[in-house]
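Visitor: Take this structure first; my questions come after.
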Amino acid sequence: MRWSHLIPRVEREEAALVGSLSLLHFLIILAFTLARIARDGLFLSQLPAQYLPYVSLGLAVWMALAAHLFGRFTAGVAAHRTLSRATIGTGLSLVLFSVWLHFGSSAAAIAFYLWTGAYGLLLTSQFWILANERVNPRQARRLFGLIGAGGILGGIVGGTVASLVGPRPAPFDGSRDPSRAG
């Protein structure tokens, strides 16, 4: 069986565009995956898991508000400028969060949880707006799968990096299992 028909044909003049969009998507999803893992670990280390449903509801409201405000502030601005400004702003905000989180407050953990959810939505959406501007509909049918594969690979690499770098939980030996108390 030949698999070559499953891989889309990329014309020579499209190769740089596909490569740059795939790399950009890879980096956005990689950064978002790592931030989400850090966000969840930080939240659960600072607050009880019972707070998660309430913060998730807050996240839905916050994301709707953030998307609305982002749309208003970026109306009429070219997609590439919007995305570059948003990535720079996100990078700066993550630096500021690292300072705030150093103090270990639960408010910082909640704010980081909310911000990470919003910026992931905004950067990913803005990326696809940019991709739609750069690729015509005929090309999109052929090329968006390859471009999307860059994001999938970014998620895989992000998860792998986090599992290799993150702390290992202590093995469970059953000695602290409350169901075994007798």
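The values are calculated or read from the model by the stated rules, or taken from the named source; none is laboratory data. Nothing here was measured: the structure is a model prediction, and the numbers come from that model. A quick note on method: Cβ atoms are made from the backbone with ideal geometry, for glycine too, and the neighbour counts reach across all protein chains shown. Quick note on the areas: whole protein, heavy atoms, side chains included, nothing else; ligands and nucleic acids left out. Shrake-Rupley method; radii C 1.70, N 1.55, O 1.52, S 1.80 Å.
Visitor: So, by mean Cβ neighbours within 10 angstrom, what's the order for 77-84, 131-138, 48-55 with the highest one leading?
Guide: Per-residue mean Cβ counts within 10 Å order the peptides as 77-84, 131-138, 48-55.
Visitor: So, one more: With angles folded into 0 to 90 degrees, how steeply does helix 15-46 sit against the dominant principal axis of the chain? Use alpha carbons for both and round to 10.
Guide: 10
Visitor: Highest mean first, what order results for 114-123, 151-160 on Cβ atoms within 10 Å?
Guide: 114-123, 151-160
Visitor: Could you check how much of the accessible area of the chain is carbon and sulfur, as a whole percent, using a 1.4 Å probe?
Guide: After summing per-atom areas, the C and S share lands at 67 percent.
Visitor: For the chain, take the longest principal axis of its alpha carbons; what is the angle in degrees between that and the long axis of helix 137-165, to the nearest 10 within 0 to 90?
Guide: Value to nearest ten degrees: 30.
Visitor: On C-alpha positions alone, give me the angle between the axis of helix 79-101 and the longest principal axis of the chain, in degrees, nearest 10.
Guide: Once rounded, one gets 20 degrees.
Visitor: Could you report the chain's accessible area per residue, 1.4 Å probe, as an integer in Å²? Working shown, then result.
Guide: Values: 11770 Å² over 182 residues.
Counting only protein heavy atoms, the per-residue value for the chain is 65 Å².
Visitor: If you don't mind, there's one more thing I want to ask. With Kirkwood's inverse mean 1/r over C-alpha pairs for Rh, give me the Rg to Rh ratio of segment 86-176, two decimals please. Provide the component values of the computation, followed by the final result.
Guide: Numbers: Rg = 18.6 Å, Rh = 16.5 Å.
Across segment 86-176, the Cα-based Rg/Rh ratio is 1.12.
Visitor: Two decimals, Cα atoms only, Kirkwood Rh: what is Rg/Rh over segment 1-116?
Guide: Across segment 1-116, the Cα-based Rg/Rh ratio is 1.10.
Visitor: Under the definition of Cα pairs under 8 Å and six or more residues apart, what whole-number percent is the relative contact order of the chain?
Guide: 48
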